[in-house]
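Quick notes on the structure that follows.
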Amino acid sequence: MSEQARAPRDVWPWIAAIALLFAAAAVLRWHNALHYFPNFGFDAEFNWDYIRKLTHDWALPEPESMWSAARPPLFFYVGAALARAFGPMLEPSVHAIRLSGSALGLVAVGLVVRFVWRAAPDGPRCAVLAAALLLFLPAHIYMSAMLNEEVMVAALTTATLWLALAERFAPARPGRPPAWWRTLGIGVLGGLALLTKLTGALVVVAVCLAIVIDGLRARRVGAALRRAAAIVAVALVVGGWFYARNLWLHGYIYPSHLEAHAIMLSMPPGARSVGDYVNLPLATFRDPRMNSPDLLHSVWGGTWATLWFDGQRHFVPRSDPNVTRMGTLITLLALLPGVAFFVGAWRALQRALRAPGTVETPMLLLVALTLAGYILYTWQNPWYATVKGSYLLGLALPFGWWSSDALCAWMRRSRWLAALIWIDCAALVVAAALAFTFGTPLWEMVPGRDMPGLPWLPGQP
């Protein structure tokens, strides 16, 4: 899977298409960052309280002192630095934080597109598809408009994985270890992801496991273990100190079920069963809304509704009938790239089993670890608010690579199939752009009636 030589006249139209997609995505995110309500979004009000506290003394708060205080501090320190630069007023600071997060998210997508261009047999066409699917993924759009750390940790996860995969295109010569700066870079980026969110540890574990597995298969176990240990050590120095501090001061690495979060205990469904992980109801597409009775007991249905639409209703209105219609359209259009992802994952598994040192092994491990962690998290926290497709944004690189590669393979079968795939992806991009441009003419956000989030308490408007 090496980059193929292509005539400039064949390449430039694809480059222009990618540039146009990035420009449109950047304008969309700029608009949303400036117009979406500053205190709307997942935990936005509580996250601002944390940031504002840091602007006064930079001291970490006690974990139980406020809603967001227990979270790793990198996003909040960056937010506080920007808030100090742009002044104490809410809106300018929030705009700056959102725009910086959006820019970081676009850079991460750019890394994925670059990887796909190099890795795919039909690189330019696959790169256009990967750019379209990631730049206009609804969860990526609406999370970029919120005062939240999800886009940052996803971008750092993607950058860590990208750096780990880059050397597999040009591996070190036999007998020579990989460049020390690459090992250091993987550890630093992974550590920053860990300092943003606990799930950042998953990419470090995935990369190190891949190094050890490949070392075992190539009979270079000692070198593999030393390199994995070096990456872990650097990541712990950069991002592990926060968790060590928690353990020293509070007796736990990361808290759960704090008193500050007690209100979540009243959220439905309140318990999970194995059936919640195998049930995929029609409401996933017909009524993609997380308090729908059918979706309350469907983890993967809810995940689909929040990845490809705003099933939690934090960005789009609660009640406008056009919201449901657009949700149905987008979640159905997304089935094609979704199926392509699983087909691509199966092909990736076959490639990884055939030979060591492929780019697939770290990606497969990251996907497996992320899904396992997501299952465990939703099982231990059985409330619909914990079912969020945005938690899977760190899988942007494997999704962009596997889905676009499978779609391009199908395109090569016939012109009619290629046309259908292009139509589906184009429709998905246009629908997502229309639906997730804040203030879209498709529906009206009514102040007071359309507060962020779905009601679940008796008497809640």
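The values are calculated or read from the model by the stated rules, or taken from the named source; none is laboratory data. Because the structure is a prediction, the values reported are computed rather than measured. All Cβ positions, glycine included, derive from the backbone under ideal geometry; neighbour counts span all protein chains shown.
Taking (1) closer than 30 Å to L353 by Cα; (2) crowded, with 17+ Cβ neighbours inside 10 Å in turn, R217 satisfies each apart from (2).
The numbered conditions (1) touching a Leu at 6+ places or on another chain (Cβ under 9 Å); (2) surrounded by 23 or more Cβ atoms within 10 Å (Cβ to Cβ); (3) within 28 Å of H31 (Cβ to Cβ) are all true for A340 except (3). Taking each residue of region 348-370 that is under 14 Å from L161 (Cβ atoms) and at pLDDT below 95 and looking for partners that are not aliphatic (A, V, I, L, M) and not in a helix (DSSP H, G or I) with beta-carbon atoms closer than 6 Å, six or more apart or interchain, yields V359/R168.
Can we say V78 is of a type in the set (V, I, T), crowded, with 16+ Cβ neighbours inside 10 Å and modelled with pLDDT of 95 or more?
yes
Name every residue in region 82-114 that is out of contact with any helix residue (DSSP H, G or I) (no Cβ under 6 Å at 6 or more places or on another chain), over 19 Å from M143 (Cα atoms) and at pLDDT 95 or above, in order of residue number. Of everything in region 82-114, just one residue is out of contact with any helix residue (DSSP H, G or I) (no Cβ under 6 Å at 6 or more places or on another chain), over 19 Å from M143 (Cα atoms) and at pLDDT 95 or above, namely R114.
Of the residues examined, R289 is one that is under 21 Å from F315 (Cα atoms), in contact (Cβ under 8 Å) with a residue 60 or more places away in the chain and not aliphatic (A, V, I, L, M). Just one of (1) farther than 29 Å from A396 by Cα; (2) buried (at least 18 other Cβ atoms within 10 Å of the Cβ); (3) in contact (Cβ under 8 Å) with a residue 40 or more places away in the chain trips up K53, so point out which. The failed condition is (3). Residues in region 382-396 include at least one that is among the aromatic types (F, W, Y), surrounded by fewer than 22 Cβ atoms within 10 Å (Cβ to Cβ) and part of a strand (DSSP E or B).
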